[in-house]
Amino acid sequence: MRIAELRATLAMMKKMLVTGALGQIGSELVPALRERYGSEAIVASGIRFRPVNSVTEGGTFEILDCTSVDDISAIVQRHDVGTIYHMAAIMSAIGEKKPEEAWDLNFGAFANILKVARQHRCAVFFPSSIGAFGPTTPSQNTPQDTLQRPTTIYGVAKVAGEMLSDYYAARFGLDTRGLRLPGLISNVTPPGGGTTDYAVDIFYQAVREKRYACFLRAETRLDMMYMPDAISSITQLMEADASRLKHRNAFNVTAMSITPAELAAEIQRYIPDFVMDYDVDPLRQEIADSWPDSMDDSAARAEWDWSPRYDLASMTKDMLKKVRTKLK
Ligand code: NAD
């Protein structure tokens, strides 16, 4: 369907709610959704009205604490919401410091979203993660359907969320869809305390100081993706023809499988005197070691034509350009 037709169709349809809209993903997802479907179709929300930026100012913005089922329900009714993109969460490394709070938000608030979605027949997007895998999962070319015994509270809540999404689809016919996103690299909003944050911090430090102390070991291989690809993957999945989806939820998606040493070497092509030091954080190293090296995303490619635009080289070139402009 062409964008103009899509806009016309959606104008007659219900609105889209984004929770946790001021986070790393939400702050780029909201402008992309407004651009794609029209600003009036999107309701952004966050736990507080901070920071004031294009997400809070560029269209409808509501304060919404997703731990309250009544507050979610009120906003869904008030705005006639038909789709919920649920981004509110606590990231992996912070989750290990406050596991009960992480469970209440990462699983409990998502259960609230599904409860409201069932009442109001909303479609739901759930962002799972490479964190849904654990040390007993095959780490090379990790299959779509495989062993999932994560050792972090973040991962436990992601597996539970994936399963609850499947349950609501099978039991109540709800249109739930989701992705297992890898570490995301972006230049708009800083990441919120995850295990792959080094891949963002490194760019700012490379431009500012020409030096970065990485909290993961040099050879720690993890899947990553540039934010423009992550945003496309979300909208593409939500627009995909339902009859082609065999999985619906928790599709593996990836764009590159890289180590800190490889990322540093790519940055050195543009900043030859950039120096990488290693100051390993045992907590984040242990989490990273429990996650896959590289995921097999063939189900996403087969069922809804997933294909990333950016690899390590093109992402690094674009990140350096954007971060240099930002820091001027
Ligand atoms: P983030 O930490 O940057 O943003 C999360 C947002 O949720 C924050 O703005 C925070 O204020 C908000 N929030 C916290 N408590 C809330 C509450 N009670 N009610 C409403 N909002 C609340 O996270 P992100 O990077 O944007 O990630 C969004 C989702 O994508 C998460 O589920 C995350 O696990 C998943 N994901 C992210 C990555 C990544 O690299 N960023 C990778 C894989 C999966």
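Each value in this text was obtained by applying a stated rule to the coordinates, not by laboratory testing. Just so we're clear, the structure is a prediction, and the values are computed from it rather than from any experiment. Positions of Cβ are backbone-derived with ideal geometry, glycine not excepted, and every protein chain shown enters the neighbour counts.
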In nm, the gap between the two label points placed 7 Å beyond Cα toward Cβ at S232 and E101 is 3.7 nm
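Any idea what the relative contact order of the stretch 38-159 is, in percent, if you count C-alpha pairs under 8 Å spaced at least 6 apart?
Values: 175 pairs, mean separation 28.3, N = 122.
Normalised by residue count, the contact order of the stretch 38-159 is 23 percent.
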Simple SL model, points at 7 angstrom along Cα→Cβ for D70 and K210; separation in nm is 6.0 nm
Per the 1/(1 + (r/R0)^6) rule, R0 = 22 Å and r from the Cβ atoms of S298 and Y167, FRET efficiency to 0.05 is 0.30
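Which value, in Å³ per residue, describes the convex hull spanned by the Cα atoms of the stretch 1-149? Please report the intermediate quantities before stating the final value.
On the way: hull volume 21.1 nm³, N = 149.
Hull volume over Cα atoms, normalised by residue count, gives 142 Å³.
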Whole-Å distance linking the alpha carbon centroid of the stretch 115-148 with that of the stretch 271-309 is 17 Å
Quick note, the chain: a/c under 1.5 would make it rounded; otherwise a/b > b/c is prolate and the rest oblate (a ≥ b ≥ c, C-alpha gyration tensor); here it is prolate
Residue separation between A111 and E35 times 0.36 nm, minus their alpha-carbon distance, gives in nm 24.4 nm
Check: C-alpha center the stretch 36-50 vs C-alpha center the stretch 192-261, spacing in Å is 24 Å
A correct Karplus calculation of ³J(HN,Hα) over the stretch 50-58, with 6.51 cos²θ - 1.76 cosθ + 1.60, θ = phi - 60°, whole Hz and x for Gly and Pro, returns 9, x, 6, 7, 5, 5, 6, 9, x
Length gained if R309 through D145 is fully extended, taking 0.36 nm per residue and subtracting the Cα-Cα distance, is 56.6 nm
Contact order relative to length for the stretch 44-108, counting C-alpha pairs under 8 Å separated by 6 or more residues, stands in percent at 25 percent
For the stretch 123-137, Karplus-derived ³J(HN,Hα) couplings (6.51, -1.76, 1.60; θ = phi - 60°; whole Hz; x for glycine and proline) come out as 6, 9, 9, 10, x, 7, 7, 4, x, 6, 9, x, x, 8, 6
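First check a/c for the stretch 253-302, with a ≥ b ≥ c the square roots of the eigenvalues of its C-alpha gyration tensor; if it is under 1.5, answer rounded, and if not, answer prolate when a/b is larger than b/c or oblate otherwise. Intermediate results must be reported in sequence, preceding the final value.
Numbers: a/c = 5.08, a/b = 1.38, b/c = 3.69.
Judged from the Cα gyration tensor, the stretch 253-302 comes out oblate (a/c at least 1.5, b/c at or above a/b).
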Between the modelled labels at S243 and Y278 (7 Å from Cα along Cα→Cβ) the distance in nm is 5.3 nm
Summing -39500 (n - 2.57) over every DSSP H run of at least 4 residues in the chain and dividing by its residue count gives a helix-only mean residue ellipticity at 222 nm, to the nearest 500 deg cm²/dmol, of -13000 deg cm²/dmol
When the charge dipole of the stretch 165-241 is computed with +1 at the Cβ of Lys and Arg and -1 at the Cβ of Asp and Glu, the Cα pointing farthest to the positive end, of Y167, N187, Q236, is that of N187
